[in-house]
Amino acid sequence: MKIAKQIDEVAATSAVAVVRAALERAKADKNNVVINLSESRALERAAKVDAGELKGRLAGVPFVAKDNFLGYGAPTTAASKLLKSFDAPLQATVVEKLESEGAICIGKVNLDAFAHGGSTENSAYGVTRNAVDPTRVAGGSSGGSAVAVARGIVPFALGTDTGGSIRQPASFNGVVGIKPTYGAVSRYGVVAMASGTDTIGVLAHDVEDTALLMDIMTGQDTKDMTTLPDFFAVQSTPTGKKLGLIKEFMAEGIDPIVRARILAAVEQYKSLGYEVEEVSLPMLKYALAIYYIVVPAEISSNLARYDGVRYGSRVGNEGTLRDVYELSRQAGFEPENKRRIIIGSYVLSSGFFDAYYQKAQKARTLLIREFNDVLSRYDALIGPVAPSPAFKIGNNTDDPLKMYLEDVMTVPASLAGLPAVSVPIDTNDEGLPIGIQIIGKRRDDAHILAIARELEELRHG
Amino acid sequence: MAQKEVLDTYEMTIGIECHVQLATKTKLFSAADNDARDSEPNSKVVPVDYGLPGMLPVLNWEAVRLSVRAGKALNSEIALRSHFDRKHYFYPDLPKGYQTTQMYEPIIGPGSIAVPLEDGSAVDVRIHHAHMEEDAGKLTHFDGYSLVDLNRAGTPLIEIVSEPDIHSAAAARAYATELHRLMTYSGVTHGDLYHGNMRFDVNISVAKKGVTELGTRAEIKNLNSFRSVERAAEYEFNRQIDILESGGKVVQETRGWDDDRQLTVSQRSKEDAQDYRYMPDPDIPPIVLTPEEVAEIQSDMPVLPQIYRDAWSSLGLDTSVVNTLLGTRRHAELVRKVQLDAGDGAATRIANLFASGLGSNSSDEQVSAIDEGVSADELIELAGMIEKSEISSNTAKDIFKALYAGEHNPRAIAEANNLLQNSDTDAIAVVVDEILADPASAKVLEDIRSGNDKAIGYLVGQVMKKSRGQANPALAQELLRKKL
């Protein structure tokens, strides 16, 4: 569902009617998308749009936020038991920005608890089912956001992407999802996972809508020191319609159908006048190893605050302080959270820091250099988003390593802080969506969307 | 306790870590008020200090500026690139589960300060480095429960780490005192010790004199007065020697100072040492400074203690008088101004009044309210009155105190209270005659005539009393002698 269509409906009926319809769709949803709706607040705000008190480019347009965005009207659970009843006293900067354009957040949607995972199976609120095939995963961790858009509940949804959490579910459900340049969108008010790679992005019906939303969401925020000055415009000089197809992503382990669909997209780009070359980035083979050292380290640090003392559920109050810490964390975190905290604590511990964390950061620097070098010769790099389409629910849950391998094509752009967008290109024979990933230069978000748009126009006319 | 002869065969080696709370308006990473003195618990706290999910630190640039000034006072190089790290441990006074500090790239590099000792000599203490970090909150323990106050959580600190260059308890105290002067003079901190603006951790070990290898050290944490730094060092020196003399081994541990009992108590041994899992903080970009920025920040540094010492070397003041004066920056400034405007004589008189009249080491902020009203011009007038013998030295002290009690104009104070000395010979002679004629003086007169010259003091006292303190005592004595 396009944003423009919703705006037309607001004009034809009312914002209250549009928001009420979205709420009804959310309630009727069978894919376990929603964690909590903020019904009364949404309707109040819709009435303000109708009364002319709320204006903007998104006046009356409903959306949902992944439940790791702090917002009014509903708790912010991060899909954890620990924050089950956590009512935030403030809203994330990006929610404020969208609301200042008249958009209306109708509720909070499912994710892997604390965004740890790639399937939305690690949630304390149940598994979110794929929009096309309910026996399959939605992908993750922004699974609820992707399915909400794919099922037409709302025209767009906020997500977060630390290693693929927007791009992969977008690809699994057939919607557009962008992971912006690190620092393009404020992280203030979003439950942190790994501060050095966390990005705030959006999932939408098409590239045009995505570009509009990015125009609203990006920009420097005095509350987030890592944000960049407003830059959402084409930054680089195109090198002459030249794309690099990432060789390592097309080699072993890739589903033959996914491979074929990507090659078809390459032909389409050629037909649009692009020159497409295969490029190799040898450092890519270390990306997953780097990611699963650096990210758990930051996770173990960022999750230290959840101790049951100041907010969140507290267990063990009748015992010692240590009991409160141990029992609250034991009860509040999901198994995948605990796994990552343990890995992270290990790689940061005295005697291992240099061997793991420091070495991983050095390798990361080499990876970034390799990306910069290759990107200096192309407008963007292209390849698949994930090795295969959405897998069956439960398929990977017994094997964390197998699950981590699903991230192999998305973590490189995250580690390098580069913008990357996932755009639907086709389906496999069973009708499962397949997306293409377009990775751009730092700050080149608008440019990769422009490249994505050309393909979209070719496909939809 | 070991005999003095035994103690004399040992030497102590001390390094000091000093936490200095910076005098910024807001906290290191949030907009919360940084002055929580006498505030309700948890009233100076915003979501960032509370460690709420999704909150991010925003570096207070004023804290960087004050750190750069502190670096100048420590004769240190400023790192043009420094970075924050996270130090992890679980405790309710630490809302994020980590303290934001500078482990790997501190802002202040190596330096050194000359520490003046009471005997007039000085010892150089090298500074290893100083880093910025945030303070933790405060816990109050009750029977069966504890309460957390996060007002102090996020207060900007610099931690100044010295090299182990200190070898006596007195020098440890002198170092702490000099650091306090340097940090208050440069405007880095309010220096209010009572409110914990400066806190000292003393690392001390002992070894036989002449042995180069250092002994095992104990760390005495959280000392908040110069006196406790000295006493704790003395106590530890004796304690560690007692252990060694009785064939034992000093354990590496953290100890606390019990001020009531005047002794140190074990808190935590090395075996319980935590693994802080230090990690660069990805939420805070590096602090990058240019040499020009550093120079600009340091360009308006106030006069530091050593410069006063040099300027006052011509006054012939006792070291203790100089140190008392330097204890409060505003007092030092006033004496310097008196010296510049009215010369060494006036400055010496006023310096001695400060040394005898007011307490030392009060925080700048505490005294500033009253000090505001006292001007160098008033002090110069007071010095002039002393010089011309218009007032006695006791009267001068009274007027000085009156000025610091909020009164103004020394001459007006003296006149209003009839404190001016009478140097009119004729008028005093009348009083002298009265005293000599008084039958009560007969016994004393006899004593004097029989050779007890000191007894004349009694008669001078009587003249003073009769004149209600206004007679110039020197003149009174001269007249008495003449008449006798």
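Across all directions, the shadow cast by the convex hull of the range B:422-484 built on its C-alpha atoms averages 3.6 square nanometres.
Fully extending the segment from B:GLU434 to B:ALA170 would add 89.5 nm, taking 0.36 nm per residue of separation and subtracting the current Cα-Cα distance. Label-to-label distance, A:GLU318 versus B:ASP424, with points set 7 angstrom from Cα along the beta-carbon direction: 9.1 nm. At R0 = 22 Å, how high is the FRET efficiency between B:GLN306 and B:GLU118 if r is their beta carbon distance? Nearest 0.05 is fine. Efficiency computed from Cβ-Cβ geometry: 0.85.
At a 10 Å Cβ-Cβ cut-off, how would you order A:LYS441, A:LYS241, B:LYS454, fewest neighbours first? Write out the running numbers ahead of the final one.
Details: A:LYS441 21, A:LYS241 16, B:LYS454 8.
Least crowded to most crowded, the residues run B:LYS454, A:LYS241, A:LYS441.
Centre-to-centre separation between the Cα atoms of the range B:276-346 and those of the range A:321-371: 45 Å. Measuring between their Cα centroids, the range A:27-70 and the range B:111-161 lie 49 Å from each other. If you sort the three axes of the alpha carbon gyration tensor as a ≥ b ≥ c, you get a/c of 1.5 or more for the range A:329-427 and a/b no higher than b/c, which makes it oblate. Peptide B:283-292 has a mean of 2 when you count, residue by residue, the C-beta atoms of other protein chains within 10 Å of its C-beta. Dividing the Cα radius of gyration of the protein assembly as shown by its Kirkwood radius returns 1.14 for Rg/Rh. For chain A, the residue among A:HIS205, A:ILE434, A:VAL411 whose Cα projects farthest onto the positive side of the dipole built from Cβ charges is A:VAL411.
Taking every alpha-carbon pair in the range A:1-107 and binning the separations at 5 Å intervals from zero gives 2, 13, 23, 24, 20, 11, 5, 1, 0 percent.
The fraction of Cα-Cα pairs per 5 angstrom bin, counted from 0 for the range B:4-293, comes to 1, 5, 11, 15, 18, 16, 14, 9, 6, 3, 1, 0, 0 percent, rounded to whole percents. Within the straight-line cut-off of under 20 Å between alpha carbons, the aspartates and glutamates reachable from B:LYS482 are B:ASP424, B:ASP426, B:ASP433, B:GLU434, B:ASP438, B:GLU446, B:ASP447, B:ASP453, sequence neighbours fewer than 8 places apart in one chain being disregarded. Prolate is the label for the range B:41-141. Its Cα gyration tensor axes, ordered a ≥ b ≥ c, give a/c of at least 1.5 and a/b above b/c. Full extension of the chain between B:PHE142 and B:LYS483 yields a length gain of 115.1 nm, computed as 0.36 nm times the residue separation minus the alpha carbon distance. Of interest is the spacing of the C-alpha centroids, which for the range A:436-461 and the range B:62-81 amounts to 47 Å. A simple spin-label model places the labels of A:ALA251 and A:GLU454 2.8 nm from each other, with each point 7 Å out along Cα-to-Cβ.
What list do you get for B:TRP257, B:TRP61 if you sort them by fewest beta carbons within 10 Å?
Numbers: B:TRP257 23, B:TRP61 10.
Placing the least packed residue first, the sequence is B:TRP61, B:TRP257.
For B:GLU296 and A:GLN330, what does the FRET efficiency come to when R0 = 35 Å and r is the distance between their Cβ atoms, rounded to the nearest 0.05?
The value I calculate is 0.10.
Pop out the Kirkwood hydrodynamic radius of the range A:393-442 from its pairwise C-alpha distances, inverse of mean 1/r, in Å to one decimal. Each step should come with its number before you reach the end.
On the way: mean 1/r = 0.0779 Å⁻¹.
Roughly 12.8 Å, rounded to one decimal.
Which FRET efficiency value, to the nearest 0.05, do you get for A:ARG310 and B:ARG449 by plugging their Cβ-Cβ distance into 1/(1 + (r/R0)^6) with R0 = 51 Å? Please report the intermediate quantities before stating the final value.
Numbers: r = 87 Å, r/R0 = 1.71.
For R0 = 51 Å, the calculated efficiency reads 0.05.
Using the Cα gyration tensor of the range B:305-411, with a ≥ b ≥ c the square roots of its eigenvalues, what is the shape: rounded (a/c below 1.5), prolate (a/b larger than b/c) or oblate (neither)? Oblate shape, in that a/c is at least 1.5 and b/c is the bigger or equal ratio. Running Debye on chain B with equal point scatterers at the Cα sites and no solvent, what base-10 log of I(q)/I(0) appears at q = 0.10 Å⁻¹? For chain B, the Cα-only Debye profile gives -0.87. Helix content alone sets the calculated 222 nm mean residue ellipticity of chain A: runs of n ≥ 4 DSSP H residues at -39500 (n - 2.57) each, divided across all residues, give -11500 deg cm²/dmol.
Considering only the other residues whose Cβ falls under 14 Å of the Cβ of B:ARG86, what net charge follows from Lys and Arg at +1 and Asp and Glu at -1? Don't jump to the answer; show the numbers that get you there.
Working: positive: A:ARG305, B:LYS87, B:LYS96, B:ARG277; negative: A:GLU298, B:ASP85, B:GLU105, B:GLU133, B:GLU134, B:ASP275, B:ASP281, B:ASP283.
That sum, taken over residues with Cβ under 14 Å, equals -4.
Inter-chain neighbour count for B:90-99: the average number of beta-carbon atoms from partner chains within 10 Å of each residue's beta-carbon is 5.
Based only on other Cβ atoms within 10 Å, what is the fewest-to-most ordering of B:MET132, B:MET279?
On the way: B:MET132 26, B:MET279 23.
Ascending Cβ contact count within 10 Å gives the list B:MET279, B:MET132.
None of the figures in this text is laboratory data; all of them are computed from the coordinates on show. Given the structure is predicted, the values throughout are model-derived calculations rather than measurements. Heads up, the Cβs are rebuilt from the backbone with ideal geometry, glycines too, and the neighbour counts pull from every protein chain shown.
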